[in-house]
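Student: This is the structure I want to talk about, given as structure tokens.
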Amino acid sequence: MSVLRSQIVGIGSYLPPDVVTNEDLARRVDTSDEWIVQRTGIRSRRIAAPDQKTSDLALGAARAALLDAGMGADELDLIVLATTTPDNTFPATATKVQAALGMTHGAAFDVQAVCAGFIYALAVADNFIRLGQARAALVIGAETFSRLLDWNDRTTSVLFGDGAGAVVLRGGTGEGTPADRGVLSTHLHSDGRQYDLLYADGGPSATGTTGHVRMQGQEVFRHAVQRLSDVLNEALAANGVSAADVDWLVPHQANKRIIDGTARKLGLSTDRVVTTVDHHGNTSAASIPLALAEAVGDGRIRRGHLVALEAIGGGLAWGSALVRW
Ligand code: UT7
């Protein structure tokens, strides 16, 4: 049986140059390198310069992904940009990227699922391609999450960073088996009853301000490992494969302990897990494509590998995707 699949034909990333270490943060709030490393695995993160906006980071990643794909923006039908930190309240930051790329046709819009944003955006674009509504799509995760931080709050300010990653999807045919190249399946969930566990205490409708990140960290942690292992098992079952078939787990990078706990629950050894949280921090919607770009760039992820993606964040919203590279 011939089926349409979204094949990942290009990948790129962009990180702002400014590195902020744990020691730098310990000079601003009552924290220490030892606490941050022990509780999160984070050692440093990149922070966007004051004049760098989310669209600038997104554009850097988008250009790199198109170059890697050997494609021009004129070949794209769709841009889906996952972000929690748009340049402006409206319009969609994706339209700014569209214009900067010189793409004058098709559609560009943003998706908001906070840290799960890249999985949500990938699912949207994958469905457009599989339905034949787009032949090629750019999926971007881009954040200037530092703009949402209360720099006096040590419980959140040490956790996040800025960056962007992007993939180019192009429709190709497969046999409808897990051996097909491309996105095999995506699985999305949310549970709005947990809205207050992780949110920004502002917004155009609520306060007229942007607000700052507020999080009940322990509660989010408690949900994370269970929900992430469940949604990964859902992806494996949907494709008739097992954890032993997975070459690489590329998780959302929030906390090394969450990543290790999820891998352990699945029975995946840590040498099959891509971890960048130590030098990226939590970059929200950008974390998965940033980690993917690093592992593809250094040759760990290669053509034919089975790659599992997962993320959870505010909402709570979470999801997974299984991709044959
Ligand atoms: O990407 C979106 C999803 N988000 C997540 O997945 C985040 C999930 N949560 C977490 O990663 C962890 O809960 C945190 C890293 C946020 C916190 O780690 P924890 O082990 O859950 O620590 P805790 O909140 O239980 O705090 C333990 C102690 C507290 O002090 P007391 O009450 O025991 O005296 C905190 O006040 O650590 C204190 N603390 C800090 N100390 C030094 C909290 N933040 C800091 C800090 N430096 N930065």
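Student: Yes or no: segment 156-165 includes at least one residue that is under 21 Å from Val124 (Cα atoms), crowded, with 17+ Cβ neighbours inside 10 Å and not assigned by TED's automatic domain parsing to the domain that holds Asn282. Explain how you work it out, then say what you get.
Tutor: So in segment 156-165, the residues under 21 Å from Val124 (Cα atoms) come out as 164-165.
Filter once more, so that each one left must be crowded, with 17+ Cβ neighbours inside 10 Å: 164-165.
Filter again for not assigned by TED's automatic domain parsing to the domain that holds Asn282, leaving 164-165.
For segment 156-165, residues under 21 Å from Val124 (Cα atoms), crowded, with 17+ Cβ neighbours inside 10 Å and not assigned by TED's automatic domain parsing to the domain that holds Asn282: present.
Student: Moving on. Just give me the residues in segment 10-27 being in a strand (DSSP E or B) and more than 14 Å from the chain's Cα centre (by Cα), in sequence order. Spell out the reasoning first.
Tutor: Kept after step one, since they are in a strand (DSSP E or B), are these residues of segment 10-27: 10-14, 19-21.
Once the filter is applied, which keeps residues that are in a strand (DSSP E or B) and more than 14 Å from the chain's Cα centre (by Cα), segment 10-27 yields Gly10, Val19, Val20, Thr21.
Student: Which condition from (1) of a type in the set (Phe, Trp, Tyr); (2) within 16 Å of the ligand (Cβ to nearest atom); (3) free of Cβ contacts under 8 Å to residues at least 40 places away in the same chain is the one that Trp151 breaks?
Tutor: So the condition that Trp151 fails would be (3).
Student: Continuing with this model, one more query. Conditions: (1) free of Cβ contacts under 8 Å to residues at least 12 places away in the same chain; (2) buried (at least 21 other Cβ atoms within 10 Å of the Cβ); (3) not small (Gly, Ala, Ser). Val80 meets all but one. Number of the miss?
Tutor: All conditions are met except number (1).
Student: Moving on. Tell me which of these Ile288 doesn't satisfy, since it passes every other one: (1) within 13 Å of the ligand (Cβ to nearest atom); (2) farther than 14 Å from Leu322 by Cβ; (3) crowded, with 16+ Cβ neighbours inside 10 Å.
Tutor: Of everything listed in (1) within 13 Å of the ligand (Cβ to nearest atom); (2) farther than 14 Å from Leu322 by Cβ; (3) crowded, with 16+ Cβ neighbours inside 10 Å, Ile288 misses just condition (2).
Student: Another question, then. Here are Ala243, Ala254, Ala224, Ala237: which of them is surrounded by fewer than 16 Cβ atoms within 10 Å (Cβ to Cβ) and closer than 30 Å to Arg272 by Cβ?
Tutor: Values: Ala243 fails: surrounded by fewer than 16 Cβ atoms within 10 Å (Cβ to Cβ); Ala254 fails: surrounded by fewer than 16 Cβ atoms within 10 Å (Cβ to Cβ); Ala224 fails: surrounded by fewer than 16 Cβ atoms within 10 Å (Cβ to Cβ).
Of Ala243, Ala254, Ala224, Ala237, the one residue that is surrounded by fewer than 16 Cβ atoms within 10 Å (Cβ to Cβ) and closer than 30 Å to Arg272 by Cβ is Ala237.
Student: Continuing with this model, one more query. Go through Ala263, Ala286 for me and flag whichever is of a type in the set (Gly, Ala, Ser) and under 13 Å from the mean Cα position of the chain (by Cα). Talk me through it step by step, then tell me what you get.
Tutor: Working: Ala263 fails: under 13 Å from the mean Cα position of the chain (by Cα).
Answer to the check: Ala286.
Student: Can you name the number of the only condition in (1) away from the ligand (no atom under 16 Å from the Cβ); (2) not basic (Lys, Arg); (3) not in a helix (DSSP H, G or I) that Thr275 fails?
Tutor: (1)
Student: Okay, moving on. What number of residues within segment 267-291 are of a type in the set (A, V, I, L, M) and within 24 Å of Gly315 (Cα to Cα)?
Tutor: Of all residues in segment 267-291, those of a type in the set (A, V, I, L, M) come to 268, 273-274, 277, 285-286, 288, 290-291.
When the remaining residues are screened for being within 24 Å of Gly315 (Cα to Cα), the result is 277, 285-286, 288, 290-291.
Number of matching residues: 6.
Student: Those residues that are within 12 Å of the ligand (Cβ to nearest atom) and either farther than 20 Å from Val114 by Cα or acidic (Asp, Glu) (or both), I need them from segment 126-148; list them, please.
Tutor: Answer for segment 126-148, where residues must be within 12 Å of the ligand (Cβ to nearest atom) and either farther than 20 Å from Val114 by Cα or acidic (Asp, Glu) (or both): just Glu143.
Student: Of a type in the set (S, T, N, Q) and in contact with a helix residue (DSSP H, G or I) (Cβ under 7 Å, 6 or more places away or on another chain): does that describe Thr104? Break it down into steps so the answer makes sense when it comes.
Tutor: Values: of a type in the set (S, T, N, Q): yes; in contact with a helix residue (DSSP H, G or I) (Cβ under 7 Å, 6 or more places away or on another chain): no.
So Thr104 fails the test.
Yes/no matrix, rows are residues, columns are (1) closer than 17 Å to Ala293 by Cβ; (2) at pLDDT below 95; (3) within 17 Å of the chain's Cα centre (by Cα); (4) not assigned by TED's automatic domain parsing to the domain that holds Ile258:
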| site | (1), (2), (3), (4) |
| --- | --- |
| Gln7 | yes, no, no, yes |
| Ala73 | no, no, no, yes |
| Thr85 | no, no, yes, yes |
| Gln98 | no, no, no, yes |
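Student: Just one of Gln218, Gln194 is over 21 Å from the mean Cα position of the chain (by Cα) and assigned to a helix (DSSP H, G or I); which is it? Spell out how you get there, then give the answer.
Tutor: Values: Gln194 fails: over 21 Å from the mean Cα position of the chain (by Cα).
On inspection, the qualifying residue turns out to be Gln218.
The values are calculated or read from the model by the stated rules, or taken from the named source; none is laboratory data. All values reported here derive from a predicted model rather than from experimental measurement. Every residue, glycine among them, receives a Cβ derived from its backbone with ideal geometry; neighbour counts consider all protein chains shown.
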